[in-house]
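One structure below.
The values are calculated or read from the model by the stated rules, or taken from the named source; none is laboratory data. Just so we're clear, the structure is a prediction, and the values are computed from it rather than from any experiment. Quick reminder, even Gly has a Cβ in these numbers, built from the backbone with ideal geometry, and neighbours come from all protein chains shown. The protein model used for the area step is the full one, side chains on, heavy atoms only, and it has no ligands, DNA or RNA in it. Shrake-Rupley method; radii C 1.70, N 1.55, O 1.52, S 1.80 Å.
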Amino acid sequence: MIARRIWRSHRFLRPFSSSSVCAPPLLAPYHSQSFASRPFLVPSLSGDPVEEFQPLCEVQSDKATIEITSRFKGKVALISHAPGDIIKVGETLVKLAVEDANDALQVSSDTPKNVEPICSKPKLDTLVGALSTPAVRTLAKDLGIDINLVIGSGKDGRVLKEDVLQFSSQKQNVTDSAPSENPVIRGDSVSTNFEDQIVPLRGFNRAMVKTMTMATKVPHFHFVEEINCDALVKLKHFFKEHNTDSTVKHTFLPTLIKSLSMALTKYPYVNGCFNEESLEIILKGSHNIGVAMATEHGLVVPNIKNVQSLSLLEITKEMSRLQHLATNNKLSPEDVTGGTITLSNIGAIGGKFGSPLLNLPEVAIIALGRIEKVPKFKEDGSVYPASTMMVNIAADHRVLDGATVARFCCQWKEYIEKPELLMLQMR
């Protein structure tokens, strides 16, 4: 991916001590092809003190958010990127000036040889300010901008007029996007701001573009079935009534996940993946069932590992853990990789029917509609209420055929409608 222009300047150097040296730079970790930096946590300005192991910033890959911590105690010498920038793997995020030269040199021996220290003048008597002309400084003052915060694009890091205007524009965009605590609503006027906005895709949204584009190129089909959930509803009510742990919230999903795992045991091809290069089908030994979660940060699919070995209560607790991490954008790479099949619970939002796309390299994904009570007819013609749910299975036709998916779905349906059979065969 193409990274944004990297601004490099030494004007942020501040005195630390007479023996201060530059620690090896912190680099973007090797978890993905690129990272989108999120707002720096602490410190936020050059010259701010940093403690050892103190969080510096967060970077978000296509699949997870990773916290970067400092390996040294010192002060910030240079911040190489702004929040929201696309950063190539291995690029410098921030450089620190540390007091203990021995510690810095010891660690620097393990860093690449082409890393050059930026502290060419370790002993400074005064703070080095931003390089700029009086006219540019006046412009920054009129706009209410601290010119020392502006990254210059001129020679030797000189701040130009264009840099100040760009900084002001970015600052205004951040201010405008922040929600107001006390919004003023005027009844005698209507907002006329209908300008188009360009929203760059980052993190999970960016990953969805790539994965869904790949999924459309795979030949797949859909199988739809209606499942009676009367027994499932009763089972959930029973769990809630006899719940002794206030931290556990019982839902339909853990039972659906466990019954799905039991059905996968009898139909292992549904739990496989396809290697297009070698034309091989890999039958996965573990049932790592993913659950699609819609968050304010985008769609993410963490998975519950080894469902075949977990109890319903363990699945419930793991679901709660993953939901908490997803909500706070704290999922680790391990939480979102290694899935073997995916459930998309659109019914939690209100959808009755969905047509999902494959979550490659998995060969099947299942959309769950909402459970609703509808009238049904008995054999004698009498009407009775029933709780039903529509499920739609999308399958990779290179690996699975319609008959296999139909038999698999019927087996899963039987476990849901008759949980006694599920309990009988659970290990």
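Some points to look at:
- Counted residues, segment 210-234 - those being assigned to a loop (DSSP other than H, G, I, E, B), of a type in the set (A, V, I, L, M, F, W, C) and over 19 Å from L422 (Cβ atoms): 1
- Every residue from segment 253-292 that is outside any loop (DSSP other than H, G, I, E, B), hydroxyl-bearing (S, T, Y) and open to solvent by less than 60 Å² (accessible area, probe 1.4 Å): T255, S259, S261
- The condition of being open to solvent by less than 70 Å² (accessible area, probe 1.4 Å), more than 26 Å from L235 (Cα to Cα) and in a strand (DSSP E or B) holds for only one of A395, A367, that being A395.
- Any hit, segment 203-226, residues being of a type in the set (D, E, K, R), surrounded by 13 or more Cβ atoms within 10 Å (Cβ to Cβ) and in contact with a helix residue (DSSP H, G or I) (Cβ under 9 Å, 6 or more places away or on another chain): yes
- When segment 346-358 is filtered for residues that are open to solvent by 20 Å² or more (accessible area, probe 1.4 Å) and at pLDDT 90 or above, only L357 remains.
- Filtered by the rule that a residue be of a type in the set (V, I, T) and under 24 Å from P254 (Cα atoms), segment 353-390 gives V363, I365, I366, I371, V374, T388.
- Taking segment 293-311 as the range and being open to solvent by 40 Å² or more (accessible area, probe 1.4 Å) and at positive phi as the test, only N306 passes.
- Flag if E318 is buried (at least 17 other Cβ atoms within 10 Å of the Cβ) and either at pLDDT 90 or above or over 20 Å from the mean Cα position of the chain (by Cα) (or both): yes
- Of all the residues in segment 117-158, those that are among the β-branched types (V, I, T), open to solvent by less than 40 Å² (accessible area, probe 1.4 Å) and modelled with pLDDT under 75 number 1.
- Subset tally (residues that are open to solvent by 70 Å² or more (accessible area, probe 1.4 Å) and modelled with pLDDT under 80) for segment 180-200: 13
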